[in-house]
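Just so it is clear, none of the values below were taken in a lab; they were calculated from the coordinates. What you see is a predicted model, and the numbers here were worked out from it, not measured in a lab. For neighbour counting, all protein chains shown are included, and Cβ atoms are generated from backbone atoms with ideal geometry for every residue, glycine included.
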Amino acid sequence: MTFGARLLWHRKNAGLSQEELSERSGVSVRAISDMERGRARSPQRRTTEALIDALDLDEHDQAELRRLARTGRVALSGPVWSLPMYVADLVGRDAELDAIARMPNGLVVLHGAAGTGKTSLAVRAAHLLEGSFPDGQLLIDLEGSAQPLQRLLKDLGVPAEHVPEDVHGQTRLYRSLLAGKRLLLVLDGASTEEEVRTLRADPGCLTIVTSRHRLARLAGATWIRLGGLTETCAVELLASIIGAHRVEADPGTARELVRLCGTSPLALRIAGNRLASRPRWPLGHLVEQIEERRLAALTAGDLDVRGAFEVSLAHLPETARLVFRRLGLLVGTHVGPELAAELAGITAGEAEQALEDLTDVSLLDPDDHGYAIHGLVRTFATGLVDATDDDADRRMLAWLLETTVAAGVLFGQTGDARRVSPRRRAFPDVATGRRWLDEHRDLLPEIVERARARGLHEDVTRAVIAVSHYAAIEPGLVWERVYRLALASAREPWQEIVVRGQLGWALFDVAHRPGPALEVLTGAARIAAESGETGHLGWVWLIASASHCGLGQFDEAERVCLKAIDSMHEPMDEHYARSVLGVLWRLMNRPIAAVTAHEEVAKEQRAYANTIYELSALGRTLGWLGLALIDVDRPDDAVEALTEAEAVYKRAQMASWLATTLWHRGLAHRAAGRLAESDADLDRALAGFRALGDGVGEIEILRELADNAESRGDHSAWQRHLRDSLAACERWDTDATREIAAEMRKSLSGG
């Protein structure tokens, strides 16, 4: 409704002609006619008051006509502009800029943690889109504006005296000014959906909102989440601030600085500003400051990382703030409701709501593993921890260790490891338990070390014993660290024997150090003899036998292995030990005896193999049988045995052993003269080892592929595979890989 239309309505309702209204009000007939036809939309105040008096309007109609008169006097006189300058060194946000540029109108919400560069991105996008919005680009800082609607009206050119006093009047005026316009509006620092609904521009305009909150209840919005930069982009940002020459002079320290800054644009800008103002500082000096002082070192002028996080946390419920502080104790980067409940001493439901509250303000990131806390946010939380949180730390560690027990026993137990049973049922099936162990395996050294420091020795020992078979299924160097740390927590003789047995296995089978393994295992056997705890002695001797074999002491290895077989208490344990004896016989150049041993054991194992442990034992027997069959010139039978092993390992989801089986089947195909089939299996094995991060496996497969190429007379492929293997040796760089690398350099040089 316009002023002229309402004036016409009131005049006719009063039964007056234009001439009669003119006579009563003193306003000319022509002026009244122009107003009613919309030619004059903004009468002066005295004209408006004269017409109101002449029409004898009540208070409501008077107020309405005055408002319409004011609105008619306000209109956009031209394009409006209130954007700040954009940062010239915005990096790593091309995809987000492209997404915004594809929005001709509507609502975009840029959300993320403090310091991720939301405002910089919004301002840069607004500048880039200037040509698409001819009526102007505006930005309003909602965190620093008590009356944002009045501020917007001022930016739109409305004189203060024309701004209605009430919010409803301001809103109507705001909407009338934007009607039919093409304008871009940046609402910076929004905290609620209602705030955005009130201020967002009309549908023909584009509104870009920045917020630490997700603002998930906004209808029709496009959400873009901002996190940290990639390492490459973070280094590029640092170089743009301090100069590329300083980064190029010390690229390793530059990457370390980027890591300490959590790849946060705000933290990097602060670090960069400090370095730029101190050109003589080496990058390492600031790295040392951040390592020592953490967030306190990341301040420069009015830029402050800690302060930005404090703002996000300040307005959350008390429970969410408690959970966040306790996340400073977290092992790793992920948390779920159950663990958060243990940390905070609350119910799982309360914990889940707190985690959601923290996610809403971008202090946590939801993902497939629960909720993640990264980089400087984690540093901020750690800085909030105090002595009152000690009990929470103990609860968390005890919960993690008991959950490890519950998951570990699902993979089966042998010897005295069977004396450990879970105190609660945490997982519905093996697959769920396996996922949990896969996610926490590399965290176990820290969990064990911290739990030892808290005196949780029984919890530590139970956990590391429970995961014995999982460790064998997923071998890795992490297990040596786990069992070395746990050895000091073993309080009972049987516990120390089992832990020493596992440490011996890790040293021999994973680290390939049979000498140190034998020392540890000899100690276990001595403890068993002194204490009478012989329930695990068979397994100690079995691993000792393998260690003797690794040292070339075959006769002693055979003697100890036979003792191990006689000491096993369960049929499945005895079967496995007999299969290990077959491996030993093969290495002693008795392949026929090895084939017989493996075939007999495999037949017995097939009758009951169902659990993960039983399947893993059958798979290994079949794999060892395949190698022995190659030795007795039965490659087709070897392929058959290894194909059965492949199926077993797939069923058990044992990726490492599956890759090894494909490797060995490639050897069987080669022995049968089928080089194409051999290459195919070796390629699959190579992909498997690379996916597992198994450097030694990758190196050996590349050497096997080189041997195949040499057999075909393909010198180019032979060189390529050896060079790739040499590059892998240099990448992994261990004593073993350096020895292999020397051999390959000699081959490539023709020596």
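Helix 3-13: angle to the longest alpha-carbon principal axis of the chain, degrees 0 to 90, nearest 10?
In the chain, helix 3-13 runs at an angle near 50 degrees to the longest axis.
Which parts of segment 328-367 would a label at THR388 reach, counting a residue when its backbone N lies under 17 Å from a point 7 Å out along Cα-to-Cβ?
328-329, 343-346
Please give the helix 695-712 orientation as an angle from the longest Cα principal axis of the chain, in degrees from 0 to 90, rounded to the nearest 10.
Here the helix axis deviates by roughly 70 degrees.
What nm value, rounded to one decimal, do you get for the distance between THR319 and ILE592 when each label is placed 7 Å out toward the C-beta?
With each label placed 7 Å out from Cα toward Cβ, I get 7.5 nm.
Enumerate the residues in segment 536-564 having an amide nitrogen under 15 Å from the point lying 7 Å beyond the Cα of GLU492 toward its Cβ.
Residues passing the 15 Å test: 536-537.
Percent relative contact order of segment 3-73, based on C-alpha pairs within less than 8 angstrom and at least six residues apart?
Once normalised by length, the contact order is 39 percent.
As a test of understanding, state the convex hull volume per residue of segment 3-73 from its alpha carbons, in Å³.
Expressed per residue, the convex hull around the Cα atoms of segment 3-73 is 69 Å³.
Pairs of alpha-carbon atoms within less than 8 angstrom and 6+ residues apart define the contacts here; what relative contact order does the chain have, in percent?
In percent, rounded to a whole number, it is 6.
With θ set to phi - 60° and the Karplus curve 6.51 cos²θ - 1.76 cosθ + 1.60, what are the ³J(HN,Hα) couplings of segment 408-419 in order, to the nearest whole Hz, using x for Gly and Pro?
Calculated HN-Hα couplings, in order: x, 5, 5, 8, x, 9, 9, x, 6, 4, 5, 6 Hz.
Taking the number of other C-beta atoms within 10 Å as the exposure measure, put LEU257, LEU139 in order starting with the fewest.
LEU139, LEU257
What list do you get for LEU686, LEU187 if you sort them by fewest beta carbons within 10 Å?
LEU686, LEU187
Please list the non-local residues whose amide H lies under 5 Å from the amide H of LEU107, H modeled 1.01 Å from N, same-chain partners needing a gap of 5 or more.
The list, which skips near neighbours in sequence, is THR207, THR222.
Using the eigenvalues of the Cα gyration tensor, what equivalent ellipsoid semi-axes result for segment 231-307 when each is taken as the square root of five times the eigenvalue, whole Å, largest first?
17, 13, 12
For CYS205, CYS561, CYS261, which order do you get if you count the other beta carbons within 10 Å of each Cβ and list the fewest first?
Least crowded to most crowded, the residues run CYS205, CYS561, CYS261.
Any chance you could run the full-extension gain for ARG172 through ALA276? It's 0.36 nm times the residue separation minus the Cα-Cα distance, nm to one decimal.
32.5 nm
In segment 644-717, what is the volume of the convex hull around the alpha carbon atoms, normalised per residue and reported in Å³?
Hull volume over Cα atoms, normalised by residue count, gives 73 Å³.
With the crude spin-label approximation of a point 7 Å out along Cα→Cβ, what separation in nm comes out for ASP442 versus ARG484?
So the label points at ASP442 and ARG484 sit 1.9 nm apart.
Starting at 0 and stepping by 10 Å, how many percent of the alpha carbon pairs of segment 513-584 end up in each bin?
23, 53, 23, 0
Which loop trypsin sites (Lys or Arg not before Pro) in segment 266-322, with loop taken from DSSP, have no more than 13 other Cβ atoms within 10 angstrom of their Cβ?
Filter output for segment 266-322: ARG280.
Working from Cα positions, state the angle (0 to 90°, nearest 10) between the long axis of helix 735-748 and the longest principal axis of the chain.
Approximately 80 degrees, to the nearest ten.
Pulled fully out, how much extra length does the chain show between LEU128 and ARG217, if you take 0.36 nm times their separation in residues and subtract their Cα-Cα distance?
This chain segment gains 29.2 nm when fully extended.
Using R₀ = 41 Å, calculate the FRET efficiency as 1/(1 + (r/R₀)^6) where r is the Cβ-Cβ separation of LYS12 and TRP81; round to 0.05.
Calculated value: 0.40.
Considering only DSSP beta bridges with both partners in the chain, what is the antiparallel share in %, to the nearest 5?
Antiparallel bridges make up about 25 percent of those DSSP assigns within the chain.
Could you pull out the trypsin sites (Lys or Arg not before Pro) across segment 459-526 that fall in loop regions by DSSP (anything but H, G, I, E, B) with no more than 13 other Cβ atoms inside 10 Å?
Listed in order of number, the matching sites are ARG491.
Give me the distance between the Cα centres of segment 192-259 and segment 153-185, rounded to whole Å.
Each part reduced to its Cα centre gives a spacing of 30 Å.
Compute the distance in nm between two label points, each set 7 Å from the Cα along the Cα-to-Cβ direction, one at ASP735 and one at HIS457.
It is 3.2 nm.
With θ taken as phi - 60° and the coefficients 6.51, -1.76 and 1.60, list the Karplus ³J(HN,Hα) couplings across segment 265-276 in order, rounded to whole Hz; mark glycine and proline as x.
Those phi angles translate into x, 5, 5, 5, 5, 5, 4, x, 5, 5, 5, 5 Hz.
Rounded to two decimal places and with Rh computed the Kirkwood way over Cα pairs, what is Rg over Rh for segment 80-226?
We get a ratio of 0.94 for segment 80-226.
For the chain, restrict the atom set to alpha-carbon positions and state the Rg and Dmax in Å.
When restricted to Cα atoms, the chain yields Rg and Dmax of 37.3, 129 Å.
Given segment 252-295 reduced to its alpha-carbon atoms as identical point scatterers, what log10 I(q)/I(0) does the Debye formula return at q = 0.16, 0.29, 0.30 Å⁻¹?
The Cα Debye sum returns log10 ratios of -0.34, -1.18, -1.25.
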